[in-house]
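Peer 1: My questions all concern the structure below.
The values are calculated or read from the model by the stated rules, or taken from the named source; none is laboratory data. Fair warning: this is a prediction, and the values are worked out from it, not measured in the lab. For neighbour counting, all protein chains shown are included, and Cβ atoms are generated from backbone atoms with ideal geometry for every residue, glycine included.
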Amino acid sequence: MNQHEAALKHLFKQEFAKMVAVISKLYGLQHIEIAEDIVTETFLLATETWEHKGIPLNPAAWLYTVAKQKTLQYFRRNKIYAEKVMPQISLQQQEYEEMAELNFSHQNIKDSQLQMLFAICTPAIASEAQIGLALRILCGFGIDEIAEAFLSNKETINKRLFRAKEKLRNEKIQLEFPPENEIVQRLDNVLHIIYLLFSEGYYSKTQNEILRKDLCIEALRLGLMLTEYAKTNLPKTNALIALMCFHASRFNARQNSHEVSILYEHQDVALWDQALIDQGVHFLNLSAQGNEITSYHLEARIAYWHSLKEDTHEKWENILQLYNRLLLINYSPIVALNRTYALYKANGRHAALIEAEKLDLNNHFYYLLLGELYKTIDDAIAKSNYEKAKALAKTETEKQGIQEKIDQLVQ
Amino acid sequence: MNQVNEFVFLFRQPALNQSPEKEEEIHKTWMDWIGGIAAQGKIASNGLHLTPKGSVLKSGGVVTDGPFVEIREILGGFIVVKADNMDDAITLAHGCPAIDAGGSVEIRTAFL
């Protein structure tokens, strides 16, 4: 892909989400496919036209104008149908066209997108389908890209999206803000989907680094969208954004590492993105209001401590205590492993080993941790654990990284 | 599938006046101990942690202040853990900071 094509692709991706949201707002969410079609047709026309005439000065405005015309055409076609089938509807031409007038003001784009975010995060749809739908409708990802991110194929993704849209129709989900008393409850679901979206990018199985980074950036963008409204700009929203900033700051450093996510020691600190760390601190401060401590708060604070490069006892003691609390709200094997690693850094090898032996886990991260802990205590046991880890590791890079650890033991 | 049972750990220990530094150290010991159980995925509820002061209501409307029994037996709080059986629950209770402080852990089976 040359630079010109990449720029166009980026523009389309950005505008897709905005335009689909605005058009769906007009037609109702049950006709979301019409909105997608109109936008896709607009992009086709843009590609053809711009190839000959060059890209206009304000490409977004060009797209909006064309989308308006296409929407109006669609509306007129439908009007004829409506007049024949339902003669009782007797709106004047003028009124029809006013109704069909799309509003691409900055405010309406923002409102429509946020409402779309809430609509998609309805509990009626399974979270996997929600992520797919969010990627397609809110982030403008192509079906092929979504398939790649999920390590799936286009057909499966298409089916999944189709079913999700059908659900939106059947459940009569409206493109509007939920009633005030439901916003807080729905917000939890929205935050969770953004969190999953980010994780999908950060820990994705796909090797496509550009795609993974895109996913993370989009999740961050959706999070920031929530900060523009008082009702959704809550401490937990800020905590989630802080968390994403801190993690994203290490993106470049992490790519070259051995993918052993619990071991930060090998990361090249020079590659950490200081601007994102500063943003993270900003949102972390904003999150420290109110009484509610969510897992986003705890994870954001852990990520904050990890963003400090000095390996102090204070740092690891804080990380340990945060993991202790996180486990009480949100147990997962990987959190348990990370907690035990923090215990090792804060309370020493022996204390951590006792706790590690109690964990009933069977994955390569676990044996890697045991290997790390047995090092210097008993190199033979360390080696056998590393070997177990190597056998269970899923990628060649991981296996190679573990082999290096074994080789270091032998000398 | 194994039937997972819930057990309540009731912590009793002497109520001592500690310096804030010592308090913090004790708090860390407790958090590390509970974190160890949580890391095994065996916490059912983080329960409640109680301050030493309170009142007791007895028949005839008699209200007395604590301590309620012996000084070394003040109920400090409880957690609920998941374990296969009483033996496993007792294993989990080992290392509890209340024991080191001269107190005890009472382990009781919970039922619904």
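Peer 1: Looking for whichever is farther than 24 Å from A:Ala239 by Cβ and basic (Lys, Arg) here; the options are A:Arg349, A:Arg339, A:Arg325, A:Arg301. Which one fits?
Peer 2: Exactly one of A:Arg349, A:Arg339, A:Arg325, A:Arg301 is farther than 24 Å from A:Ala239 by Cβ and basic (Lys, Arg), namely A:Arg349.
Peer 1: Are any residues in region A:340-376 within 22 Å of A:Thr397 (Cβ to Cβ), more than 34 Å from the chain's Cα centre (by Cα) and within 13 Å of chain B (Cβ to nearest Cβ), and if so, which ones?
Peer 2: none
Peer 1: Here is a follow-up. Collect the residues in region B:22-32 that are more than 9 Å from every other protein chain (Cβ to nearest Cβ) and touching a helix residue (DSSP H, G or I) at 6+ places or on another chain (Cβ under 8 Å), keeping them in residue-number order.
Peer 2: B:Ile26, B:Thr29, B:Trp30
Peer 1: Out of region A:32-54, which residues are surrounded by fewer than 20 Cβ atoms within 10 Å (Cβ to Cβ), touching a helix residue (DSSP H, G or I) at 6+ places or on another chain (Cβ under 8 Å) and modelled with pLDDT under 90?
Peer 2: Answer for region A:32-54, where residues must be surrounded by fewer than 20 Cβ atoms within 10 Å (Cβ to Cβ), touching a helix residue (DSSP H, G or I) at 6+ places or on another chain (Cβ under 8 Å) and modelled with pLDDT under 90: A:Glu33, A:Ile34.
Peer 1: Another question, then. Kindly provide the set of residues from region A:141-182 that are under 17 Å from A:His31 (Cα atoms) and either in contact with a strand residue (DSSP E or B) (Cβ under 6 Å, 6 or more places away or on another chain) or not in a helix (DSSP H, G or I) (or both), ordered by number.
Peer 2: Result: A:Glu171, A:Lys172, A:Ile173, A:Gln174, A:Leu175, A:Glu176.
Each row is one residue, and each column tells you yes or no for (1) crowded, with 22+ Cβ neighbours inside 10 Å; (2) basic (Lys, Arg); (3) under 21 Å from A:Cys245 (Cα atoms).
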site: A:Met116; (1), (2), (3): yes, no, no
site: A:Cys121; (1), (2), (3): yes, no, no
site: A:Gln130; (1), (2), (3): yes, no, no
site: A:Leu138; (1), (2), (3): yes, no, yes
site: A:Ile143; (1), (2), (3): no, no, no
site: A:Lys159; (1), (2), (3): no, yes, no
site: A:Tyr195; (1), (2), (3): no, no, yes
site: A:Leu215; (1), (2), (3): yes, no, yes
site: A:Glu218; (1), (2), (3): yes, no, yes
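Peer 1: When both residues are 6+ apart or on different chains and their Cβ atoms are under 6 Å apart, which pairs have a first residue that lies in region B:34-57 and is within 12 Å of chain A (Cβ to nearest Cβ), and a second that is in a loop (DSSP other than H, G, I, E, B) and surrounded by 15 or more Cβ atoms within 10 Å (Cβ to Cβ)?
Peer 2: Correct list of pairs: B:Gly41/A:Tyr331.
Peer 1: When only residues in region A:214-263 that are of a type in the set (Lys, Arg) and in a helix (DSSP H, G or I) count, which is modelled with the lowest pLDDT?
Peer 2: This residue is A:Arg254.
Peer 1: Residues that are under 20 Å from B:Asp32 (Cα atoms), at least 3 per element: which helices (runs of 4 or more DSSP H) completely within region A:328-411 meet that?
Peer 2: Correct list: A:333-347, A:349-358, A:364-374.
Peer 1: Report the residue count in region A:288-330 for those that are surrounded by fewer than 16 Cβ atoms within 10 Å (Cβ to Cβ) and either within 14 Å of another protein chain (Cβ to nearest Cβ) or within 20 Å of A:Ala248 (Cβ to Cβ) (or both).
Peer 2: Matching residues across region A:288-330 total 6.
Peer 1: Taking the options A:Arg160, A:Arg221, A:Arg186, A:Arg136, name whichever one is more than 29 Å from A:Thr397 (Cα to Cα) and in contact with a Leu (Cβ under 8 Å, 6 or more places away or on another chain).
Peer 2: A:Arg136
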